[in-house]
Amino acid sequence: MTEKEYNAAPGVRRSALWKLTKSPAHFKWELEHPTEPTSALIFGSAAHCAVLTPGLFKEQYAVIDCDLRTKEGKAAKQAALETGKILLSKDDFERINGIVQSVQSNPYVMRLLNGPHEQAYFWTDDITGESCKCRTDAETDVGEQHYIVDLKTCNDASTEQFMRDAMKYGYHVQAAMYTEGKRLATGTESAFVFVCVEKDPPYAINILQCDDAFMLKGMDDYRYLCGLYHECVQRNEWPGYTGFDGEINTLELPAWLRKAVE
Amino acid sequence: MSETAITVQEQQEQLLSNIPSGAALNVWQDKKAFDQVARVANMLSKSTIVPQNYQGKPEDCFIAVEMAARMNTSPIFIMQNLYVVKGKPSWAGQACMAMINACGKFKSVKHVYTGTKGTDTRGCYVTAVRVSDGETVNGTEVTMKMAKDESWITNSKWKNMPEQMLGYRAASFFARMYCPEALMGLQTYEEVLDAEPQQKTTAQRLTEALKAETEGK
């Protein structure tokens, strides 16, 4: 299944669900007003493509080795856009090469990525009845355990920073949702591993396997978000910060400041 | 020991002697007993002789005194052997043997080591003579293979002092089987730590499996 077909297929995906954490209103707005992908997102997708599906890289990306403001640059940009390709600067391309080389020189990462790529799963959430979908980067069996492997390009791949990023961007929900989707769609129980590669030299790699607590937190948040999504769909209401009942929130000092006045 | 310390200790001993022990103490129903234990706890919390994690914490000292009375032992023993590990109150490994001895149900309690030292066959169990019927009872044997299979081995102490860990674990196994009430439902420090790194173990298992595969090629 191509990315286009997957995008068009019915079902709510993790990245969309995660937008509900801001508010249902934001979720709906972004769904109805898709914005152009940011340069960071383009870079991440290109790196993904170069590592996981290198055969498609040339078809999908064009590298521009000149200033886009010049006549030559404008012409090159136009030529690329006409073929439907996404533009990458030479600097980005070099960094993507660095990432590919770093990945290829790590035998554990190569082993983990040695399995079917971009597998799509569709399932019906058994509690809310909502349709959900996910697409795994790679899957493999090591020993008797099945692993879902997700490649992440990051500025800082240290375990501590990645944990902070995970909570900020909902990677724990991804881990829980993907393993749950795989289980419901195929009956296979999986463990979840992140392969994190830094975007800049020395393109350091970290391999992180999610622990039980991480998965539980992910499952809790997935359940909550799926429930909230279901509620919004049922009511056809997409509230901002005041919730379905228009509640007024209390503006309270954080604990460390409250001490000063108590 | 300074004069002040001696005075504090004497006062503690005097106060402690007023506390009834075992079933006679019910601080949760008897106000007099509660007040007495609270006074002792307050006094102990001000002492610099009690372990640091109890100093200035009369509530924790209260629990220690109450537990000591129920177990017919000294609050100081409780304080020296009861830690909070990963949010759980847990007995020090060495306390387990002491509690088996102190519960009064057994005599001639000792560790028996088996197998070859330094190998997976190395094991340990606790054996004792039950006072009530004079029968010899043996606890479950704990082996290095079991430690590996159960992934306790990720706790570095199993690598650095395996004999000691086998002994601690054998004692807690014995106590769990023959005198669980002696542990008052709490785990030992080693049990909590051994159970804790299971997740690291999962990652470690993956590392080992990948290592085996990639080196095997």
What number of residues within the range B:57-72 satisfy the criterion of being open to solvent by less than 60 Å² (accessible area, probe 1.4 Å) and not in a helix (DSSP H, G or I)? 1
What's the number of the condition B:Ile153 fails, among (1) away from every other protein chain (no Cβ under 14 Å); (2) at pLDDT 80 or above? (2)
Residue check, A:Gly170 against (1) at negative phi; (2) open to solvent by less than 70 Å² (accessible area, probe 1.4 Å), all met but one. Which one? (1)
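Would you point out the residue of the range A:130-157, among those that are part of a loop (DSSP other than H, G, I, E, B) and at negative phi, that is farthest from the other protein chains (Cβ to nearest Cβ)?
Step by step, filter the range A:130-157, then rank; the result is A:Glu130.
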Take the range A:194-242 and flag every residue that is within 14 Å of chain B (Cβ to nearest Cβ) and of a type in the set (Val, Ile, Thr). A:Val195, A:Ile205, A:Ile207
Meets criteria (open to solvent by 70 Å² or more (accessible area, probe 1.4 Å) and outside any helix (DSSP H, G or I)) for A:Ile127: yes
Note on the range B:81-97: residues open to solvent by 40 Å² or more (accessible area, probe 1.4 Å) and either among the small types (Gly, Ala, Ser) or part of a helix (DSSP H, G or I) (or both) are B:Gly87, B:Gln94
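Condition check ((1) among the polar types (S, T, N, Q); (2) over 16 Å from the mean Cα position of the chain (by Cα); (3) on the phi < 0 side of the Ramachandran plot) across all residues:
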site: A:Ala8; (1), (2), (3): no, yes, yes
site: A:Arg13; (1), (2), (3): no, no, yes
site: A:Thr21; (1), (2), (3): yes, no, yes
site: A:Lys28; (1), (2), (3): no, yes, yes
site: A:Thr38; (1), (2), (3): yes, no, yes
site: A:Val51; (1), (2), (3): no, no, yes
For the range B:22-48, which positions are out of contact with any Pro (no Cβ under 6 Å at 6 or more places or on another chain), at pLDDT 80 or above and open to solvent by 60 Å² or more (accessible area, probe 1.4 Å)? B:Trp28, B:Gln29, B:Asp30, B:Lys31, B:Lys32, B:Phe34, B:Asp35, B:Arg39, B:Lys46, B:Thr48
Within the range A:4-25, residues under 22 Å from A:Gly246 (Cα atoms) and without any contact (Cβ under 8 Å) to a residue 24 or more places away in the chain come out as A:Lys19, A:Lys22
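Hey, among A:Glu139, A:Glu94, which residue is without any contact (Cβ under 8 Å) to a residue 60 or more places away in the chain, of a type outside the set (Val, Ile, Thr) and surrounded by fewer than 17 Cβ atoms within 10 Å (Cβ to Cβ)? Give the derivation first.
Working: A:Glu139 fails: surrounded by fewer than 17 Cβ atoms within 10 Å (Cβ to Cβ).
Checking each option against the conditions leaves just A:Glu94.
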Scanning the range A:230-258 residue by residue, those open to solvent by 40 Å² or more (accessible area, probe 1.4 Å), at pLDDT 90 or above and in a helix (DSSP H, G or I) turn out to be A:His230, A:Glu231, A:Val233, A:Gln234, A:Arg235
Among the residues of the range A:142-153, how many are within 25 Å of A:Thr2 (Cα to Cα) and either open to solvent by less than 10 Å² (accessible area, probe 1.4 Å) or more than 14 Å from the chain's Cα centre (by Cα) (or both)? 6
Subset tally (residues that are within 14 Å of chain A (Cβ to nearest Cβ), modelled with pLDDT of 85 or more and farther than 30 Å from A:Pro107 by Cα) for the range B:168-208: 0
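Please enumerate the residues belonging to the range A:113-123 that are farther than 18 Å from B:Thr207 by Cα and either within 14 Å of another protein chain (Cβ to nearest Cβ) or in contact (Cβ under 8 Å) with a residue 40 or more places away in the chain (or both).
A:His117, A:Glu118, A:Ala120, A:Tyr121, A:Phe122, A:Trp123
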Among the candidates B:Leu166, B:Leu193, single out the residue that is in contact (Cβ under 8 Å) with a residue 60 or more places away in the chain and either part of a helix (DSSP H, G or I) or surrounded by fewer than 21 Cβ atoms within 10 Å (Cβ to Cβ) (or both). B:Leu193
Among the numbered criteria (1) under 27 Å from A:Gly55 (Cα atoms); (2) open to solvent by less than 80 Å² (accessible area, probe 1.4 Å), which single criterion is violated by A:Glu82? (2)
Residue that is hydrophobic (A, V, I, L, M, F, W, C) and surrounded by fewer than 14 Cβ atoms within 10 Å (Cβ to Cβ), where the choices are A:Ala185, A:Ala176, A:Ala191, A:Ala213: A:Ala213
Contact list please: Cβ distance under 6 Å, first residue in the range A:152-173 and within 20 Å of A:His48 (Cβ to Cβ), second residue of a type in the set (Asp, Glu), pairs at least six apart or on different chains. A:Ala157/A:Glu198; A:Val173/A:Asp221
Please find, among A:Gln161, A:Gln174, the residue that is more than 14 Å from chain B (Cβ to nearest Cβ), under 21 Å from A:Trp18 (Cα atoms), among the polar types (S, T, N, Q) and under 16 Å from the mean Cα position of the chain (by Cα). A:Gln174
Filtered residue count, the range A:46-78, keeping only those that are modelled with pLDDT under 80 and of a type outside the set (D, E, K, R): 4
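The values are calculated or read from the model by the stated rules, or taken from the named source; none is laboratory data. Here the structure is a predicted model, which means the values were calculated and not measured. All Cβ positions, glycine included, derive from the backbone under ideal geometry; neighbour counts span all protein chains shown. Only protein heavy atoms, including side chains, enter the accessible area calculation; ligands, DNA and RNA are left aside. Shrake-Rupley method; radii C 1.70, N 1.55, O 1.52, S 1.80 Å.
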